[in-house]
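What follows is one structure encoded as structure tokens, with my remarks underneath.
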Amino acid sequence: MIYLDNAATTRITEPVLQSMLPFLTEQYGNPSALYGLGRNAKKAIEHAKEQVAKAIDAEPSQIFFTSGATESNNWVISNYDKVVSSEMEHHSISNIPVVVCLNINKMFKFKIRNTPGLVTVMLANNETGNIFDVKTLIQKAHKYGMDFHCDATAAFGKMPIDVKELDVDSLTFSGHKIHAPKGVSALYLKDPSKFRPMLYGGNQQNRLRSGTENVASIVGLGTACELHNYNPETDKLNRQKRDKFVSAIKTIPDMIINTDLENSIATTINISFKGIEGESLMLLLSQEGICVSAGSACNSGSLEPSRVLQTMGVPEDYIYGTIRVSFSNETTGEQLLTAAKAIKRNVDRIRGVSNV
């Protein structure tokens, strides 16, 4: 199998799994318990906080663990009455009723009395891998007295993230995108005292996020932050692999690369082919043991074209023929070239059938 859907989810790497296993077996105590088994679990959570904080240049007291980036994004936005976001945001932001989605160039053209309390723009897009200049947007938001939230789920591990340098007010990323388990996310809050909980219950996480902590997954996330954070040398190698893949793909006629190769993370490439259906291509590749996405996994089950690609102006006769190829540090250049050949072969096959 050649797995090229790492933007949807990644496998848990062996070191991450090994760090988790004790907290699923011997060290299974409730971290709120005062006896030794519970204290060991509590210490493990505090260590994971330190690992996450170090990865993004935050303080451990600013880190909170949730069930995923969807919960984290919803939690942050639940603290504001007026929120403006870009048209490119993940559905866990764009589908929230209080959020108004605007073109980035129009985000700050509003009347002062209607000034929103929060601006939220992702660091890198989950469908295309394109990077947004959030630092400039944060400066603009703060100039107007607004807070800024950043969904860094697609970006973490693929580019350097420094919350102090960005001066961002809140930021989240998800474990299962960086070789940690599903169902765990880290949320950074610059000033936790400004936030009210979304979940009410016990005293966990300074009463801001109640519920017994998912210790094993939190430990896995901390380990992943330490082992799978951005590395410039690894990024250079990934870009070399990507460029060879793109060169091979470009031999296919009537195709568009929707990823800005000069300003994107290295491991995601979004491609549209004229006159075919992306789902058909995905299924044919699957029969050959090659896993790609016909779009964001969060759009699964919908026949609607990608809102992101529509906003980008991808032509209608191309937009339905879109696939996303996303690889990891473990993916070899040979695997990517094999996939490129299979994509070309199956695009030709679909076009041949459709032209009969």
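Determine whether Gly175 is in contact with a Pro (Cβ under 6 Å, 6 or more places away or on another chain), open to solvent by less than 30 Å² (accessible area, probe 1.4 Å) and either at positive phi or among the small types (Gly, Ala, Ser) (or both). Can you show your working first?
Numbers: in contact with a Pro (Cβ under 6 Å, 6 or more places away or on another chain): yes; open to solvent by less than 30 Å² (accessible area, probe 1.4 Å): yes; either at positive phi or among the small types (Gly, Ala, Ser) (or both): yes.
In short, yes.
For the condition on the phi < 0 side of the Ramachandran plot, within 18 Å of the chain's Cα centre (by Cα) and polar (S, T, N, Q), what is the one hit in Asn79, Asn40, Asn73?
Numbers: Asn79 fails: within 18 Å of the chain's Cα centre (by Cα); Asn40 fails: within 18 Å of the chain's Cα centre (by Cα).
None of the other options fit; the residue is Asn73.
Inside segment 40-94, can you point out the residues that are of a type in the set (Asp, Glu) and within 16 Å of Ile161 (Cα to Cα)? The answer is Glu50, Asp57, Glu59. Has segment 7-24 got at least one residue that is in a loop (DSSP other than H, G, I, E, B), open to solvent by 30 Å² or more (accessible area, probe 1.4 Å), touching a Leu at 6+ places or on another chain (Cβ under 9 Å) and farther than 28 Å from Phe108 by Cα? No, the conditions are met nowhere in segment 7-24.
Screening Asn30 against (1) closer than 23 Å to Met159 by Cα; (2) part of a loop (DSSP other than H, G, I, E, B) leaves a single unmet condition, (1).
If you check Lys177 against the conditions, is it under 21 Å from the mean Cα position of the chain (by Cα), farther than 30 Å from Ser19 by Cβ and modelled with pLDDT of 95 or more?
Numbers: under 21 Å from the mean Cα position of the chain (by Cα): yes; farther than 30 Å from Ser19 by Cβ: no; modelled with pLDDT of 95 or more: yes.
So Lys177 fails the test.
Of the residues in segment 305-320, at least one is at pLDDT 95 or above, among the hydroxyl-bearing types (Ser, Thr, Tyr) and open to solvent by less than 70 Å² (accessible area, probe 1.4 Å).
Please tell me if Met159 is within 30 Å of Met107 (Cα to Cα), in contact (Cβ under 8 Å) with a residue 60 or more places away in the chain and open to solvent by 40 Å² or more (accessible area, probe 1.4 Å). Reasoning before the result, please.
On the way: within 30 Å of Met107 (Cα to Cα): yes; in contact (Cβ under 8 Å) with a residue 60 or more places away in the chain: yes; open to solvent by 40 Å² or more (accessible area, probe 1.4 Å): no.
For Met159, the condition - within 30 Å of Met107 (Cα to Cα), in contact (Cβ under 8 Å) with a residue 60 or more places away in the chain and open to solvent by 40 Å² or more (accessible area, probe 1.4 Å) - is not met.
For segment 332-349, give me each residue that is out of contact with any helix residue (DSSP H, G or I) (no Cβ under 7 Å at 6 or more places or on another chain) and either within 17 Å of Ser272 (Cβ to Cβ) or open to solvent by less than 20 Å² (accessible area, probe 1.4 Å) (or both). Selection gives Ala339, Lys344, Asp348.
Pull up segment 131-174, narrow it to residues that are part of a strand (DSSP E or B) and among the aromatic types (Phe, Trp, Tyr), then point me to the one that is farthest from Asn329 (Cα to Cα). Checked segment 131-174; the qualifying residue farthest from Asn329 (Cα to Cα) is Phe148. Listed by first and then second residue, the pairs linking a residue in segment 330-341 that is under 15 Å from Gln240 (Cβ atoms) and among the aliphatic types (A, V, I, L, M) to a residue that is part of a helix (DSSP H, G or I) and open to solvent by 60 Å² or more (accessible area, probe 1.4 Å), with Cβ atoms under 9 Å apart and 6 or more places separating them unless they lie on different chains, are Leu336/Lys244; Leu337/Lys244; Ala340/Lys244; Ala340/Ser247.
So which residues in segment 131-150 are open to solvent by 10 Å² or more (accessible area, probe 1.4 Å) and touching a residue at least 40 places away in the same chain (Cβ under 8 Å)? Before the answer, list the steps.
If we filter segment 131-150 for residues that are open to solvent by 10 Å² or more (accessible area, probe 1.4 Å), which is where we start, we get 131-133, 135-137, 139-140, 142-145, 147.
Hits for segment 131-150 are Ile131, Phe132, Asp147.
The rows are residues; the columns are (1) small (Gly, Ala, Ser); (2) at pLDDT 90 or above; (3) in contact with a helix residue (DSSP H, G or I) (Cβ under 7 Å, 6 or more places away or on another chain).
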residue: Phe65; (1), (2), (3): no, yes, yes
residue: Asn73; (1), (2), (3): no, yes, yes
residue: Pro97; (1), (2), (3): no, yes, no
residue: Asn103; (1), (2), (3): no, no, no
residue: Met107; (1), (2), (3): no, no, no
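When segment 30-49 is limited to residues that are in contact (Cβ under 8 Å) with a residue 60 or more places away in the chain and of a type outside the set (Lys, Arg), the one that is most open to solvent (accessible area, probe 1.4 Å) turns out to be His47.
Where strands (runs of 3 or more DSSP E) sit wholly within segment 50-121, those with at least 1 residues that are open to solvent by less than 10 Å² (accessible area, probe 1.4 Å), in contact with a strand residue (DSSP E or B) (Cβ under 9 Å, 6 or more places away or on another chain) and not acidic (Asp, Glu) occupy 63-66, 83-86, 118-120.
The values are calculated or read from the model by the stated rules, or taken from the named source; none is laboratory data. For clarity, every value in this text was computed on a predicted model and none was experimentally measured. Ideal geometry is used to build each Cβ from the backbone, glycine not excepted, and the neighbour counts take in all protein chains shown. Heads up: the accessible areas ignore ligands, DNA and RNA and are worked out on the full protein's heavy atoms, side chains in. Shrake-Rupley method; radii C 1.70, N 1.55, O 1.52, S 1.80 Å.
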